[in-house]
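First up is the structure itself, then whatever we jot down about it.
A short reminder: the numbers here are calculations on the coordinates, not readings from a lab. Here the structure is a predicted model, which means the values were calculated and not measured. Using ideal geometry, Cβ is built from the backbone for each residue, glycine included, and neighbour counts are taken over all protein chains shown.
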Amino acid sequence: MDALPPANELCRLDAAALATSYRKRDLSPVEVTKAALARAEAINPALNAFTFLDHEGALAAAKAAEARWRTGTPLSEVDGVPTTLKDIVWVQGWSVRYGSTTTDATPCREDAPAVRKLREAGCVFIGQTTTPEFGWKALTDSAAFGITRNPHDPSKTSGGSSGGAAVAALMQAGRLHLGSDGGGSIRVPASFCGIFGIKPSFGRVPAYPASSFGTVAHIGPMAASVADGLAMLKAMSGRDRRDWNQGAGQFPGLDTPPLSPKGLKIGYWRTPPSGALDEELGAVIDARIAALAGQGAEISPFTLPGGELLELFHDHWFSGAATRLAGVPEAKRAGIDPGFLEIAAQGARMSAVQLVRAQVRRADFGAAMDAALADYDFILSPGTAIPAFEAGAEVPAGSGLTRWTEWAGFSYPINLSQQPAAVVPCGRTKAGLPLAMQIIGARGDDGAVMALAAALEALFA
């Protein structure tokens, strides 16, 4: 593939810079939106980040944002900022296909809660990003929309299931990007592509309809910078009564003073519960951890509590797949991803007793993680155990692995325990593939996680 040209200057401005320019009338949301749409069109043939671009809707929203900024009445600091939405959340007037040929193409009649909050903040929705079928794996490829490729090396995977969002963020086709994460689906592609992403504390960002994969599934922001991610998280967070799982409590605010590594008590989690840490990747993370210790952080080894976490996650994930498949008519199932059919079949064989037992074991693990994060300020780990590998494959060639979950061991445990977990780029392999560090905080402490992410972003730049 020929190298893609760099993004237009308008595409490179972050959300804060855009707000400043809009306020001063140096730029208009209309010209910025046109640049974002052009960038999306330019990258898509080679990388396949988008399933749909809404030129008409985006330009209408941009004109409305332009009018608000001209009268000094913006809806928020992200009013007029080009934004993408994963093909897994409802968007009024758009067909949401969940990466599948089996789904109904009828346009949605309402926004999902997070989408509505972003719309109410004035975000300009430019298009829909790719996902694997039903978001079932940490790769992005499907029979419906093809393979999404890694811009650093198009022969490699973007990761998933929010692979399209990660590619769009890296290539600056929009500034704010909605992803979802049920077992690493924000953090894996963010790590593989070299951008910021956060799986927030469960419930901070409302979701509706409820995911077939239950309460391991989170919605969160992905962006080229921590600052953009924070701006988006603020806009999409809050209560929505359609989300019963969210509960009625209030989360702490997201504005947290800047953090320094000095004096922080950090647990270093280096051994995943499944798979093995790549040697080159591990050496880079070790060096970054040593640098934090050199800046005054108190580092100690951390061992993940609980056993058989892969099996525990499979109990939740596979039963969720079975639930999702049950909603697909038999006549439409022939073209479904074979891997999804396999895990759904396993999930369908689970008994009610097995499922409830898994829920009890999950509660025990979550409580142990809460206790651990009462002793540490943060837990740090590699973002992934391996760098990006061949596009179109579920596992690296010759690895001996069979399922994506086996190499995603730094991701899925934190879906089980529901803490906020962010990834920040922290280096590259000798082959030029991005590597990331994961930051895990106590439930509700998303602001602190974001503050440390900003500090590490600056340190690792």
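Observations, loosely collected:
- Secondary structure note: in the stretch 17-246, about 60% of the DSSP beta bridges are antiparallel.
- Local electrostatic count at residue 167 - Lys and Arg +1, Asp and Glu -1, tallied over other residues with Cβ under 13 Å: +2
- Positive contributions from Lys and Arg (+1) and negative ones from Asp and Glu (-1), summed over other residues with Cβ under 15 Å from the Cβ of residue 102, come out at -1.
- In the stretch 215-318, GluC sites (Glu not before Pro) in a DSSP loop with at most 14 other beta-carbon atoms within 10 Å: 308
- For Cα Rg over 2.2 N^0.38 Å, calculated from these coordinates, the label among (i) 1.42; (ii) 0.91; (iii) 1.08: (ii)
- Counting Lys and Arg as +1 and Asp and Glu as -1 over every other residue whose Cβ lies under 11 Å from the Cβ of residue 188, the net charge comes to +2.
- Counting 0.36 nm for each residue step from residue 239 to residue 210 and taking away their Cα separation leaves a gain of 9.0 nm.
- Helices in the chain that qualify as membrane-span-like (whole DSSP H runs, Cα extent of at least 30 Å along the helix axis, mean Kyte-Doolittle hydropathy of -1.0 or higher) are 352-375.
- Relative contact order, percent, the stretch 111-199 [alpha-carbon distance under 8 Å, six or more residues apart]: 24 percent
- Selection from 128, 65, 182, by position along the positive dipole direction of the stretch 17-246 (Cβ): 65
- Extension gain for residue 60-residue 401 works out to 118.0 nm (0.36 nm per residue, less the C-alpha to C-alpha distance).
- Annotation: the antiparallel percentage among DSSP beta bridges lying fully within the chain is about 65.
- The alpha-carbon of residue 24 sits under 19 angstrom from the alpha-carbons of these lysines, leaving out residues fewer than 8 places away in its chain: 63.
- Overall form of the stretch 233-284 per C-alpha gyration tensor (a/c, 1.5; a/b vs b/c): oblate
- Extension reserve of the residue 430-residue 375 stretch, reckoned as 0.36 nm per residue once the Cα distance is removed: 16.2 nm
- Label reach from residue 120 (point 7 Å along Cα→C-beta): in the stretch 227-266, amide nitrogens under 13 Å belong to 235-243.
- Annotation: for a label point projected 7 angstrom from Cα along Cα→Cβ of residue 458, residues of the stretch 219-257 with backbone N closer than 16 Å are 225-228, 230, 256-257.
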